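Trainee: After the structure tokens below, expect a handful of questions from me.
The values are calculated or read from the model by the stated rules, or taken from the named source; none is laboratory data. Here the structure is a predicted model, which is why all the values come from computation and not from measurement. Positions of Cβ are backbone-derived with ideal geometry, glycine not excepted, and every protein chain shown enters the neighbour counts. SASA here: full protein model, heavy atoms, side chains in, ligands and nucleic acids out. Shrake-Rupley method; radii C 1.70, N 1.55, O 1.52, S 1.80 Å.
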Amino acid sequence: RERTYIMVKPDGVDRGLVGEITARFEKRGFKLIAAKLVSPTKQHLEKHYEDLSDKPFFPGMIGYMLSGPVFAMVWEGLDAVKTGRVMLGATNPLQSGPGTIRGDYALAVGRNICHGSDSVENAEKEIALWFPEGLVQYSRSHEAKVYEI
Ligand code: GTP
Ligand code: MG
């Protein structure tokens, strides 16, 4: 099944939203494959956001991402990448619908509390970057309650 990289950003960790964000993915039926609280280096964050390095907001965004630890997660399930993005809402929280993570808990694009991979290819890259140690393997007892199998 498809996997996505979801990360609670430093503002989300500081505001005590790790449990809330994690709970939404759990309750939806996604399977947790990896999770850790980490203080990434500047180099690591620049690699994660390398596609945005030309943007004027890049230095400020890296500073924001360095302001405290992040909570890194891998979630697995049907259409995980796209569904994860829908659950996050639009990049700018002012355009995120109510019921989305950003729409419910954020106001500013530069403080949007959570990251989600934007394609399956980028999810694979991000998972390798954040979890070089590998993921956890286990089977869930309630798989047939989440999927027709
Ligand atoms: P991520 O899930 O964090 O990757 O966000 P995204 O995929 O919705 O947006 P994108 O990858 O284009 O931008 C990455 C992050 O840069 C955003 O989540 C914002 O925190 C920040 N960002 C994007 N656009 C702007 C902007 O116009 N101004 C500022 N200040 N920050 C921005
Ligand atoms: Mg992005």
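Trainee: Collect residues whose amide H, placed 1.01 Å from N in the peptide plane, falls under 5 Å from the amide H of Tyr5; neighbours closer than 5 in sequence don't count.
Mentor: Amide H neighbours of Tyr5, under 5 Å, 5+ apart: Ser117.
Trainee: Turning to a different aspect of this structure: Kindly provide the Kirkwood hydrodynamic radius of the range 95-149 in Å, to one decimal, from all pairs of distinct alpha carbon atoms.
Mentor: About 14.6 Å for the range 95-149.
Trainee: Work through the residues other than Val8 whose Cβ is under 13 Å from its Cβ and net out their charges, Lys, Arg +1 and Asp, Glu -1.
Mentor: +3
Trainee: Hey, another quick one. Roughly speaking, what is the centre-to-centre gap between the range 1-23 and the range 103-148 when only Cα atoms are used, to the nearest Å?
Mentor: One Cα centre to the other: 9 Å.
Trainee: Further, regarding this structure: Which value in deg cm²/dmol, rounded to the nearest 500, describes the helix-derived mean residue ellipticity at 222 nm for the chain, given -39,500 (n - 2.57) per DSSP H run of n ≥ 4 and division by the residue count?
Mentor: Rounded to the nearest 500, it is -10500 deg cm²/dmol.
Trainee: Using Cα-Cα distances under 8 Å and only pairs 6 or more residues apart, what relative contact order does the chain have, in percent?
Mentor: Answer for the chain is 35 percent.
Trainee: Additional query: Could you pull out the chymotrypsin sites (Phe, Trp or Tyr not before Pro) across the range 1-87 that fall in loop regions by DSSP (anything but H, G, I, E, B) with no more than 15 other Cβ atoms inside 10 Å?
Mentor: Values: sites: Tyr5, Phe25, Phe30, Tyr49, Phe57, Tyr64, Phe71, Trp75; in loops: Phe30, Tyr49, Phe57.
Hits after loop and neighbour filter: Tyr49, Phe57.
Trainee: Okay, moving on. Quick one: P(r) of the chain from all Cα-Cα pairs, 5 Å bins, percents rounded to integers, in order of increasing distance.
Mentor: The calculated distribution, bin by bin, is 2, 9, 19, 23, 23, 14, 6, 3, 1, 0.
Trainee: Step through the residues of the range 18-30 one at a time and calculate ³J(HN,Hα) from phi using the Karplus curve (6.51 cos²θ - 1.76 cosθ + 1.60, θ = phi - 60°), rounding each to whole Hz and writing x for Gly and Pro.
Mentor: Residue by residue, the range 18-30 yields 4, x, 4, 5, 4, 4, 5, 5, 4, 5, 5, x, 5 Hz.
Trainee: Taking only protein heavy atoms and a 1.4 Å probe, what accessible area per residue, in Å², does the chain have with all protein chains in place?
Mentor: So the chain comes to 55 Å² accessible per residue, rounded to a whole number.
Trainee: Let me ask something else about it. Over the alpha carbons of the range 2-78, what is the largest minus smallest coordinate on each principal axis, giving the biggest first in Å?
Mentor: If we take the Cα atoms of the range 2-78, the spans are 37, 27, 18 Å.
Trainee: Carbon and sulfur atoms: what percent of the 1.4 Å accessible area of the chain do they account for?
Mentor: Exposed carbon and sulfur together represent 53 percent of the surface.
Trainee: Here's a follow-up. Each residue of the range 95-108 in turn: what ³J(HN,Hα) in whole Hz from Karplus with 6.51, -1.76, 1.60 and θ = phi - 60°, glycine and Pro shown as x?
Mentor: With coefficients 6.51, -1.76 and 1.60, one gets 9, 7, x, x, x, 8, 4, 5, x, 8, 10, 9, 10, 10 Hz.
Trainee: Select from the range 97-149 those GluC sites (Glu not before Pro) which occupy a DSSP coil region and have at most 16 other Cβ atoms within 10 Å, ordered by residue number.
Mentor: Details: sites: Glu121, Glu124, Glu126, Glu133, Glu143, Glu148; in loops: Glu133, Glu148.
The qualifying sites are Glu133, Glu148.
Trainee: Given the chain, what count of lysine pairs have C-alpha atoms under 13 Å apart, with each pair 8 or more places apart or on different chains?
Mentor: Pairs that pass both the separation and distance tests number 4.
Trainee: If you filter the range 118-149 for chymotrypsin sites (Phe, Trp or Tyr not before Pro), then keep DSSP loop positions with at most 15 other Cβ within 10 Å, what is left?
Mentor: Loop-located and lightly packed - Tyr138, Tyr147.
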